[in-house]
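Please treat every number below as a calculation from the coordinates, not as lab data. Just so it is clear, the structure is predicted and the values come from calculations on it, not from any experiment. Please note: Cβ atoms are built from the backbone with ideal geometry, for glycine as well, and neighbour counts cover all protein chains shown.
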Amino acid sequence: MRRLAAALATLTLLLPAAAAARDCPRTSLGDIEDEVMCPVCGTPLGLASEAPQAEQERAYIQRLVDSCKSKDQVKRALVAEFGENVLALPGDQGGDDLGDVLVYVIPALGILLAAAGIAFAVVRWRRPQEPRRAVAGADGARLDEDMDRYDL
Amino acid sequence: MRKALSPVPVAVVCVLLGLVALLAYGLASNDPDRGVDEALQRGEREHAPELELPKLGSDGTGALADYRGQVVVLNFWASWCKPCKDESPLLERWHRRMADRGGTVLGVDMLDVTGDAQAFISDYGLTYPMLKDKDGDGLERFGVVQYPETFVIDRQGRIAALRRGPVDEAFMRQSVEPLL
């Protein structure tokens, strides 16, 4: 009976720790670094390879990941340190809804425009050339004479 | 009769012109402001821009205007910047030297992790006041383009000297000492 109680007590202690270990880490550096900026480099953190500021930011993110912060929590911590401009994805930054929409709409429009242009060019290229309209009357006769003079 | 232009080449030319305009705008907007450098070369002193930022590691804000009437050595730095480490002991010495002569060093920690900046301050025993420029607002106002940069501001709030890069004893003697 005493052994059973001891086993139950041990289990009670271990279960929450095991659950916590299972849920942590909740995100990873690789998952975050493409969605945030390196503010000094002016590029997404994932593209800023060996810049010292980027290395510092990565170390900071890794510390937050190791302390079991979620991706949203890490991003909020980065905003507290570097301001809203640290967020790389449109929509992550508040306040400029029109800008966030345009970021998606303009490339889509560009792709549509390019596709339409290519389709238009292909259709024109494949269309058979219309035969040249014959020149009527005196002009036609003169043209025929001129053409006859050339041995083409 | 004038032949109508085909819409495809017109659209392509318009898109290309738009891209060129966008590129030109991007290049122009990224061009750093060199107005202060040019004014100093002409022997003129421009008024320093307004600067109000949160205090580093404590509540409240601090402003450059708080030090009006003093000589201010405004130093932009970050904890990850190697030259900033090299110049910090010199700045601390000068801060102590200036303190009873109406001068101060004012540090602005730029785009930095607060914990790392505080560790830096502790490691180098820095006692001068520090502000935190978390999103680069002060950096833009002063046209800071590299780390570190130091602006020497006279008692009238005008920029009397500027060093883009780490300061040294010769710069401080030449640029700060005469203002004290």
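Quick notes
- In sequence order, the stretch B:131-137 has phi-based couplings of 10, 10, 9, 6, 10, x, 5 Hz under the Karplus curve 6.51 cos²θ - 1.76 cosθ + 1.60, θ = phi - 60°, and Gly or Pro positions carry x.
- Each 5 Å bin from zero up to the one holding the largest Cα-Cα distance in the stretch B:90-171 carries the following percent of pairs: 3, 12, 22, 27, 22, 11, 2.
- Calculated on alpha-carbon atoms, Rg and Dmax of the stretch B:32-72 in Å: 13.6, 40
- With neighbours defined as other Cβ atoms within 10 Å of a residue's Cβ, the residues B:R97, B:R34, B:R45 order from fewest to most as B:R34, B:R97, B:R45.
- Ascending count of other beta-carbon atoms within 10 Å, so fewest first, for B:D133, A:D31, A:D23, B:D112: A:D23, A:D31, B:D133, B:D112
- For B:G136, the residues 5 or more places off, or on other chains, whose built amide H falls under 5 Å of its own are B:L111.
- Going by neighbour counts of Cβ atoms within 10 Å, the residues A:S67, B:S88 line up, fewest first, as A:S67, B:S88.
- Rounded to the nearest 500, the 222 nm mean residue ellipticity of chain B from helices alone is -12000 deg cm²/dmol, with -39,500 (n - 2.57) taken per DSSP H run of at least 4 residues.
- The shape of the stretch B:122-164 comes out oblate: with a ≥ b ≥ c from the C-alpha gyration tensor, a/c is at least 1.5 while a/b does not beat b/c.
- Model label zone, B:T127; criterion: amide N under 19 Å from point 7 Å along Cα-to-beta-carbon; scope the stretch B:63-83: B:71-75
- Rg and Dmax [Cα atoms of the stretch B:9-142; Å; Rg one decimal, Dmax integer]: 19.7, 72
- FRET efficiency for the pair B:E177 and A:E84, taken as 1/(1 + (r/R0)^6) with r the Cβ-Cβ distance and R0 = 41 Å, rounds to 0.45.
- Taking amide hydrogens as placed 1.01 Å from N in the peptide plane, the amide H of B:L131 sits under 5 Å from those of B:L56, B:G107, B:V108, B:D109, each at least 5 positions away in sequence or on another chain.
- A simple spin-label model places pseudo-atoms 7 Å from Cα toward Cβ; at B:A63 and B:L16 they are separated by 5.3 nm.
- Label point of A:R124 set 7 angstrom out along Cα-Cβ; within the stretch B:8-23, amide nitrogens under 18 Å from it belong to B:8-17.
- Dipole in debye (nearest 20) - the stretch B:83-180, about Cα centre, beta carbon charges: Lys, Arg +1; Asp, Glu -1: 420
- Amide H contacts under 5 Å for B:V71, placed H, 5+ residues apart: B:G103, B:T104
- For B:R93 and A:R76, a Förster radius of 51 Å and the Cβ-Cβ distance give a FRET efficiency of 0.85, rounded to the nearest 0.05.
- Chain B: DSSP helices with Cα axial extent of at least 18 Å and average Kyte-Doolittle hydropathy no lower than 1.0: B:7-29
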